[in-house]
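The values are calculated or read from the model by the stated rules, or taken from the named source; none is laboratory data. Since we're looking at a predicted model, the values are computed, not measured. With ideal geometry, Cβ positions are generated from the backbone for all residues, glycine too; neighbour counts draw on all protein chains shown. For the accessible areas, the whole protein counts, side chains as well, though only heavy atoms, and no ligand, DNA or RNA atoms are used. Shrake-Rupley method; radii C 1.70, N 1.55, O 1.52, S 1.80 Å.
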Amino acid sequence: MSAVAKRVITFGTFDVFHVGHLKLLERARERGGSLTVGVSSDDLNYDKKGRYPVYDQAERMLLIGALRVVDGVFLEESLEQKRDYIIEHEADILVMGDDWSGKFNYLSDICEVVYLPRTPAISTTAVIEKIRH
Ligand code: C2G
(Lines give C-alpha, C1' and ligand atoms only; values in the text may rest on other atoms or scores of the structure.)
Protein backbone atom coordinates (compact mmCIF):
# COMPACT_ATOMS: atom_id res chain seq x y z
CA MET A 1 0.00 0.00 0.00
CA SER A 2 1.50 3.37 -1.00
CA ALA A 3 1.55 6.27 1.45
CA VAL A 4 -1.01 8.98 0.63
CA ALA A 5 0.63 12.35 -0.03
CA LYS A 6 -0.20 14.85 2.69
CA ARG A 7 -2.15 17.98 1.82
CA VAL A 8 -0.66 21.23 3.08
CA ILE A 9 -2.61 24.45 3.61
CA THR A 10 -1.37 27.94 4.43
CA PHE A 11 -2.87 31.42 4.66
CA GLY A 12 -1.64 34.93 3.98
CA THR A 13 -2.21 38.26 2.31
CA PHE A 14 0.88 38.04 0.07
CA ASP A 15 0.61 41.72 -0.86
CA VAL A 16 3.47 43.16 -2.98
CA PHE A 17 4.82 39.63 -3.45
CA HIS A 18 8.45 39.18 -2.36
CA VAL A 19 11.02 36.41 -1.73
CA GLY A 20 9.97 36.03 1.92
CA HIS A 21 6.53 34.99 0.66
CA LEU A 22 8.02 32.69 -1.99
CA LYS A 23 10.35 30.94 0.46
CA LEU A 24 7.47 30.36 2.89
CA LEU A 25 5.37 28.80 0.11
CA GLU A 26 8.27 26.64 -1.14
CA ARG A 27 8.98 25.31 2.35
CA ALA A 28 5.28 24.71 2.97
CA ARG A 29 5.01 22.72 -0.28
CA GLU A 30 8.01 20.55 0.71
CA ARG A 31 6.04 19.34 3.74
CA GLY A 32 3.59 17.37 1.60
CA GLY A 33 2.29 16.44 -1.83
CA SER A 34 0.13 19.48 -2.52
CA LEU A 35 -0.24 23.06 -1.33
CA THR A 36 -3.48 25.03 -1.06
CA VAL A 37 -3.30 28.73 -0.18
CA GLY A 38 -5.99 30.81 1.49
CA VAL A 39 -5.43 34.37 0.26
CA SER A 40 -6.75 36.93 2.73
CA SER A 41 -9.54 39.11 1.35
CA ASP A 42 -9.16 42.87 1.06
CA ASP A 43 -11.66 43.41 3.88
CA LEU A 44 -9.91 40.90 6.18
CA ASN A 45 -6.65 42.73 5.56
CA TYR A 46 -8.30 46.04 6.39
CA ASP A 47 -9.62 44.58 9.65
CA LYS A 48 -6.18 43.16 10.58
CA LYS A 49 -3.88 45.97 9.46
CA GLY A 50 -6.04 49.06 9.08
CA ARG A 51 -5.27 49.48 5.38
CA TYR A 52 -6.25 47.90 2.09
CA PRO A 53 -3.58 45.91 0.23
CA VAL A 54 -1.74 47.48 -2.72
CA TYR A 55 -2.86 44.60 -4.96
CA ASP A 56 -6.51 43.64 -4.66
CA GLN A 57 -7.66 40.13 -3.78
CA ALA A 58 -8.30 39.06 -7.38
CA GLU A 59 -4.78 40.11 -8.41
CA ARG A 60 -3.18 38.45 -5.37
CA MET A 61 -5.07 35.21 -6.03
CA LEU A 62 -3.93 35.24 -9.67
CA LEU A 63 -0.29 35.76 -8.70
CA ILE A 64 -0.25 33.08 -5.99
CA GLY A 65 -2.23 30.61 -8.11
CA ALA A 66 0.29 30.91 -10.95
CA LEU A 67 3.21 29.72 -8.81
CA ARG A 68 4.66 26.26 -9.55
CA VAL A 69 4.60 25.30 -5.86
CA VAL A 70 0.90 26.17 -5.45
CA ASP A 71 -1.81 23.68 -6.40
CA GLY A 72 -4.88 25.74 -5.52
CA VAL A 73 -6.05 29.05 -4.07
CA PHE A 74 -9.19 30.28 -2.37
CA LEU A 75 -10.29 33.46 -0.64
CA GLU A 76 -9.84 33.61 3.15
CA GLU A 77 -12.63 35.86 4.38
CA SER A 78 -12.30 35.44 8.13
CA LEU A 79 -9.62 34.27 10.59
CA GLU A 80 -12.35 32.51 12.56
CA GLN A 81 -13.19 30.19 9.65
CA LYS A 82 -9.79 28.44 9.63
CA ARG A 83 -11.25 25.22 10.97
CA ASP A 84 -13.90 25.14 8.22
CA TYR A 85 -11.33 25.90 5.51
CA ILE A 86 -9.02 23.13 6.72
CA ILE A 87 -11.86 20.60 6.73
CA GLU A 88 -13.23 21.78 3.37
CA HIS A 89 -9.81 21.44 1.69
CA GLU A 90 -9.03 18.17 3.53
CA ALA A 91 -5.70 19.54 4.72
CA ASP A 92 -3.40 17.36 6.84
CA ILE A 93 -0.88 20.07 7.71
CA LEU A 94 -1.36 23.78 8.47
CA VAL A 95 1.81 25.79 7.84
CA MET A 96 2.15 29.37 9.09
CA GLY A 97 5.05 31.78 9.47
CA ASP A 98 6.36 32.03 13.02
CA ASP A 99 4.91 35.52 13.44
CA TRP A 100 1.76 33.45 14.15
CA SER A 101 3.56 31.10 16.54
CA GLY A 102 1.16 29.36 18.93
CA LYS A 103 -1.91 31.18 17.54
CA PHE A 104 -3.35 28.18 15.72
CA ASN A 105 -2.40 25.36 18.10
CA TYR A 106 -6.12 24.93 18.88
CA LEU A 107 -6.46 23.37 15.40
CA SER A 108 -4.05 20.52 16.19
CA ASP A 109 -7.03 18.23 16.86
CA ILE A 110 -7.78 18.16 13.10
CA CYS A 111 -4.33 18.67 11.50
CA GLU A 112 -0.63 19.01 12.19
CA VAL A 113 0.24 22.67 12.89
CA VAL A 114 3.70 23.85 11.83
CA TYR A 115 5.28 27.31 12.18
CA LEU A 116 8.21 28.10 9.89
CA PRO A 117 10.78 30.84 10.55
CA ARG A 118 10.19 34.03 8.59
CA THR A 119 12.81 35.18 6.10
CA PRO A 120 14.70 37.98 7.86
CA ALA A 121 14.91 41.59 6.71
CA ILE A 122 12.13 41.62 4.12
CA SER A 123 8.49 42.62 4.38
CA THR A 124 5.74 44.22 2.33
CA THR A 125 6.03 47.33 4.50
CA ALA A 126 9.80 47.55 3.85
CA VAL A 127 9.28 47.25 0.08
CA ILE A 128 6.59 49.96 0.12
CA GLU A 129 8.89 52.25 2.15
CA LYS A 130 11.80 51.60 -0.25
CA ILE A 131 9.67 52.56 -3.26
CA ARG A 132 8.30 55.62 -1.45
CA HIS A 133 11.77 57.09 -0.69
N1 C2G B 1 6.58 35.63 5.54
C2 C2G B 1 7.86 35.11 5.71
N3 C2G B 1 8.93 35.94 5.69
C4 C2G B 1 8.77 37.27 5.51
C5 C2G B 1 7.49 37.81 5.33
C6 C2G B 1 6.39 36.96 5.35
O7 C2G B 1 8.05 33.88 5.89
N8 C2G B 1 9.87 38.05 5.54
C9 C2G B 1 5.43 34.72 5.59
C10 C2G B 1 4.47 35.05 6.75
O11 C2G B 1 4.96 34.52 7.96
C12 C2G B 1 3.19 34.38 6.28
C13 C2G B 1 3.29 34.50 4.74
O14 C2G B 1 4.65 34.83 4.43
O15 C2G B 1 3.19 33.00 6.64
C16 C2G B 1 2.37 35.58 4.22
O17 C2G B 1 2.68 36.78 4.88
P18 C2G B 1 1.59 37.92 5.04
O19 C2G B 1 1.03 38.24 3.72
O20 C2G B 1 2.17 39.01 5.86
O21 C2G B 1 0.48 37.13 5.85
P22 C2G B 1 -0.50 37.73 6.90
O23 C2G B 1 -1.04 39.06 6.45
O24 C2G B 1 0.11 37.61 8.24
O25 C2G B 1 -1.77 36.76 6.74
O26 C2G B 1 -4.87 33.73 8.37
C27 C2G B 1 -3.67 34.36 8.58
C28 C2G B 1 -3.42 35.47 7.68
O29 C2G B 1 -4.09 35.37 6.48
C30 C2G B 1 -1.94 35.64 7.48
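Worth a mention:
- Y46 surrounded by fewer than 14 Cβ atoms within 10 Å (Cβ to Cβ) and not small (G, A, S): yes
Listed here are the residues, each with its yes/no results for (1) aromatic (F, W, Y); (2) within 12 Å of the ligand (Cβ to nearest atom).
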site: N45; (1), (2): no, yes
site: Y55; (1), (2): yes, yes
site: A91; (1), (2): no, no
site: D109; (1), (2): no, no
site: T125; (1), (2): no, yes
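- Residue count, the stretch 18-71 (criterion: at pLDDT below 95 and touching a Pro at 6+ places or on another chain (Cβ under 8 Å)): 0
- Members of the stretch 104-131 that are in contact with a Phe, Trp or Tyr (Cβ under 9 Å, 6 or more places away or on another chain) and modelled with pLDDT of 95 or more: F104, V113, Y115
- Options S41, S34: the member that is farther than 24 Å from A126 by Cα and polar (S, T, N, Q): S34
- Within the stretch 1-17, being at pLDDT below 95 and not hydroxyl-bearing (S, T, Y) holds for M1, A3, V4, A5.
- Extreme residue, most open to solvent (accessible area, probe 1.4 Å), among residues of the stretch 17-43 that are touching a residue at least 60 places away in the same chain (Cβ under 8 Å) and within 9 Å of the ligand (Cβ to nearest atom): K23
- When the stretch 71-103 is filtered for residues that are part of a helix (DSSP H, G or I) and out of contact with any Phe, Trp or Tyr (no Cβ under 8 Å at 6 or more places or on another chain), the ones remaining, listed by number, are L79, E80, Q81, R83, D84, I86, I87, E88, D99.
- One residue stands out in the stretch 49-107 among those that are open to solvent by less than 80 Å² (accessible area, probe 1.4 Å) and β-branched (V, I, T): the one that is nearest to V4 (Cα to Cα), namely I93.
- Enumeration of residues in the stretch 27-61 that are within 23 Å of T119 (Cβ to Cβ), more than 14 Å from the chain's Cα centre (by Cα) and in a helix (DSSP H, G or I): E30, K48, K49, E59
- Any hit, the stretch 73-89, residues being in contact with a strand residue (DSSP E or B) (Cβ under 8 Å, 6 or more places away or on another chain), of a type in the set (D, E, K, R) and over 28 Å from Y52 (Cα atoms): no
- Top-ranked residue of the stretch 111-123 - restricted to ones that are open to solvent by less than 80 Å² (accessible area, probe 1.4 Å) and in a strand (DSSP E or B), ranked as nearest to the ligand (Cβ to nearest atom): L116
- Tabulated pairs, the stretch 76-102, first closer than 11 Å to P117 by Cα, second within 12 Å of the ligand (Cβ to nearest atom) and hydroxyl-bearing (S, T, Y), C-beta under 8 angstrom, 6+ apart or interchain: V95/T10; V95/Y115; M96/T10; M96/Y115; G97/Y115; D98/Y115; W100/Y115; S101/Y115
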